[in-house]
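These notes concern the structure reproduced below.
The values are calculated or read from the model by the stated rules, or taken from the named source; none is laboratory data. Model, not experiment: these values are computed from the prediction. FYI the Cβ positions are ideal-geometry reconstructions off the backbone, even for glycines, and counts take in every protein chain you see. Surface areas here come from the heavy atoms of the whole protein model, side chains and all, with no ligands, DNA or RNA. Shrake-Rupley method; radii C 1.70, N 1.55, O 1.52, S 1.80 Å.
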Amino acid sequence: MVIYRKAKPEERESYIDFADMVFTTADGVPLSFEASIPKVYGKGVDSAHMQNIAVDDEKGIRGLIAVMPNELYVGGETLKTGFVGTVSVHPHARGEGHMKKLMRMCMDEMLAQGVDLALLNGQRQRYEYFGYVKGGVGYIIDVETRNVRHALKNVSAEGVTFEEIDGNSPWREPARRLFEKRIVHFRRDSEQFVDCCRTYLNHPWAILRDGEFVGYFVSNEKKNFIVETCTVTAADFDAAIKAWMAEFGVNRMQLMFPEWEQEMLAHLGSYAENIHMQEKVQSCVLNPRRVVSALLRVKAGYAALADGAMSFDVEGDCFKVTVCNGEVRVEDGGEGALQLSRLEATRLFMYPFLYEGRPKTPQGWFPLPLYAAAPDEF
């Protein structure tokens with residue numbers, strides 16, 4: 001008999017070993033969740049309350065899906081989020097429906113807990129069955145040594161050094177405080193900031209100029225992909241990029257930025273070799289009026305939104321959105337509401353490309369600026 005339930009603290013070793021086995025078997029490459037996602041599976045972290053498991057009386061764990069709770073600070077509003085991960089089914093138990101039952105269990109739990117926005121990464125159609133849509137906007141920036149040599153020839157990188165940030169680093173708190181100044185950011189508690197930055201075996205680095213903290217990078221192990229950038233000024237960034245490529249012998253590197261960092265995107269657009277726009281994360285909007293209210297207000301701060309009013313009815317939740325001179329108002333009701341399922345609403349609000357059957361909305365309203373950097377992903 002298979003029972004679907006929460007894991008127990010004493011089962012920590014069992015569910016981590018199970019996840020390691022399933023992903024290692026699937027990819028053919030040894031994987032350690034304890035090392036790859038220390039904020040959830042690191043030593044001393046009790047994450048049993050996040051783990052939803054399918055357990056057979058005789059065979060043990062047959063399936064596992066975890067949900068990492070968090071909060072997304074959007075301007076002056078806070079959205080409750082749940083990031084789904086470690087979706088794993090035993091190789092000998094596939095086709096038995098464990099993933100479907102565990103996903104429904106996770107979705108029901110998030111709805112009961114008042115989660116506003118559910119997130120995950122995975123194969124598109126597999127998760128569309130549960131209401132998830134690829135969306136948000138992320139920009140990948142390519143910078144090469146020739147860009148630096150020509151465009152930054154007058155930028156001095158003298159005195160710029162890098163120091164890896166660990167749990168005892170004096171730069172941990174300055175980095176976290178700088179991160180929290182972003183108009184949109186996930187909660188990262190002080191004691192977990194470094195573990196968050198180490199997600200997927202990335203590394204956080206303090207950027208120092210003459211010994212003074214001016215920002216931080218979060219890079220991959222090869223140091224040619226900066227998954228998160230936070231600097232005090234654009235001038236600090238230019239000096240850091242120049243010093244980084246020289247220090248680590250990197251000839252070509254990539255950087256990730258959210259859409260709402262318009263000043264940095266414009267600055268990099270003046271000399272980067274290439275800029276690519278892509279969807280950043282899959283989401284399921286569970287509380288549409290709160291998500292639209294928060295993220296549309298942020299977008300109004302950097303993008304031109306057409307004046308207008310439109311009502312939406314998302315599975316019985318009816319609300320009206322009005323934009324006037326850049327001011328966003330969301331209120332109850334509204335006649336002639338556009339009837340949408342949760343999947344249809346998430347696609348309309350989040351998907352950044354055209355698609356067949358897309359309802360007409362006022363120019364510039366959607367997609368909403370959803371973004372999750374690697375340290376906040378699961």
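Which ones in region 164-192 are buried (at least 18 other Cβ atoms within 10 Å of the Cβ) and assigned to a loop (DSSP other than H, G, I, E, B)?
Matches in region 164-192: Ile165, Trp171, Arg188.
Among the residues of region 132-152, what is the count of those that are closer than 15 Å to Ala374 by Cα and touching a Lys or Arg at 6+ places or on another chain (Cβ under 6 Å)? Write out each step before concluding.
If we filter region 132-152 for residues that are closer than 15 Å to Ala374 by Cα, which is where we start, we get 136-140.
From what's left, touching a Lys or Arg at 6+ places or on another chain (Cβ under 6 Å): 136, 138.
Selection size over region 132-152: 2.
Hey, among the residues in region 132-142 that are touching a Leu at 6+ places or on another chain (Cβ under 7 Å) and more than 20 Å from Gly82 (Cα to Cα), which one's least open to solvent (accessible area, probe 1.4 Å)?
Applying the filter and picking the extreme gives Ile141.
List pairs: first in region 268-283 and closer than 30 Å to Arg342 by Cα, second assigned to a strand (DSSP E or B) and basic (Lys, Arg), Cβ under 7 Å, 6+ apart or cross-chain?
Glu279/Lys134; Gln282/Lys134
As an exercise: evaluate Glu279 against (1) within 28 Å of Val232 (Cα to Cα); (2) at pLDDT below 95; (3) touching an Asp or Glu at 6+ places or on another chain (Cβ under 9 Å) and give the number of the one condition it does not meet.
Of the numbered conditions (1) within 28 Å of Val232 (Cα to Cα); (2) at pLDDT below 95; (3) touching an Asp or Glu at 6+ places or on another chain (Cβ under 9 Å), the odd one out for Glu279 is (3).
I need the full set of residues from region 154-168 which are of a type outside the set (D, E, K, R) and within 15 Å of Val218 (Cα to Cα), in order please. Write out each step before concluding.
Initially, region 154-168 is screened for residues of a type outside the set (D, E, K, R), giving 154-157, 159-162, 165, 167-168.
Correct list: Thr161, Phe162, Ile165, Gly167.
Report, by residue number, each residue of region 57-81 that is of a type outside the set (A, V, I, L, M, F, W, C) and either touching a Ser or Thr at 6+ places or on another chain (Cβ under 8 Å) or open to solvent by less than 30 Å² (accessible area, probe 1.4 Å) (or both).
Of everything in region 57-81, those that are of a type outside the set (A, V, I, L, M, F, W, C) and either touching a Ser or Thr at 6+ places or on another chain (Cβ under 8 Å) or open to solvent by less than 30 Å² (accessible area, probe 1.4 Å) (or both) turn out to be Gly60, Arg62, Gly63, Pro69, Asn70, Glu71, Glu77, Thr81.
Search region 117-131 for residues being within 14 Å of the chain's Cα centre (by Cα) and open to solvent by less than 40 Å² (accessible area, probe 1.4 Å), and hand back the single one that is modelled with the lowest pLDDT.
Gly122
With of a type in the set (A, V, I, L, M), under 22 Å from Val281 (Cα atoms), in contact with a strand residue (DSSP E or B) (Cβ under 8 Å, 6 or more places away or on another chain) and surrounded by fewer than 19 Cβ atoms within 10 Å (Cβ to Cβ) as the only criterion, which of Met105, Met110, Met99 stands out?
Values: Met110 fails: surrounded by fewer than 19 Cβ atoms within 10 Å (Cβ to Cβ); Met99 fails: surrounded by fewer than 19 Cβ atoms within 10 Å (Cβ to Cβ).
Checking each option against the conditions leaves just Met105.
Between a residue in region 14-40 that is under 11 Å from Leu201 (Cα atoms) and among the hydrophobic types (A, V, I, L, M, F, W, C) and any residue that is open to solvent by 50 Å² or more (accessible area, probe 1.4 Å) and outside any helix (DSSP H, G or I), which pairs come within a Cβ distance under 9 Å, given they are 6 or more apart or on different chains?
What qualifies is Ala35/Arg198; Ile37/Arg198.
Output the number of residues of region 193-212 satisfying the condition of being in a helix (DSSP H, G or I) and buried (at least 17 other Cβ atoms within 10 Å of the Cβ). Before you say what the answer is, go through the steps one by one.
Initially, region 193-212 is screened for residues in a helix (DSSP H, G or I), giving 193-197, 199-201.
Then keep just the ones that are buried (at least 17 other Cβ atoms within 10 Å of the Cβ); that gives 193-197, 199.
Count: 6.
Output the strands (runs of 3 or more DSSP E) that fall wholly within region 297-378 and possess 3 or more residues being crowded, with 19+ Cβ neighbours inside 10 Å, or say none.
Numbers: elements: 308-314, 317-324, 327-332, 338-340.
Once the strands (runs of 3 or more DSSP E) in region 297-378 are filtered for at least 3 residues that are crowded, with 19+ Cβ neighbours inside 10 Å, what remains is 317-324.
All but one of (1) in contact with a Gly (Cβ under 7 Å, 6 or more places away or on another chain); (2) within 14 Å of Ala7 (Cβ to Cβ); (3) among the charged types (D, E, K, R) hold for Arg62; which doesn't?
Answer for Arg62: the failing condition is (1).
Only residues in region 89-109 that are in contact (Cβ under 8 Å) with a residue 12 or more places away in the chain count as the first member; pair them with residues that are among the basic types (Lys, Arg), Cβ under 8 angstrom, at least 6 apart or cross-chain, and list the lot.
The qualifying pairs are Val89/Arg62; His90/Lys59; His90/Arg62; Ala93/Lys59; Ala93/Arg62; Glu96/Arg62; His98/Arg62.
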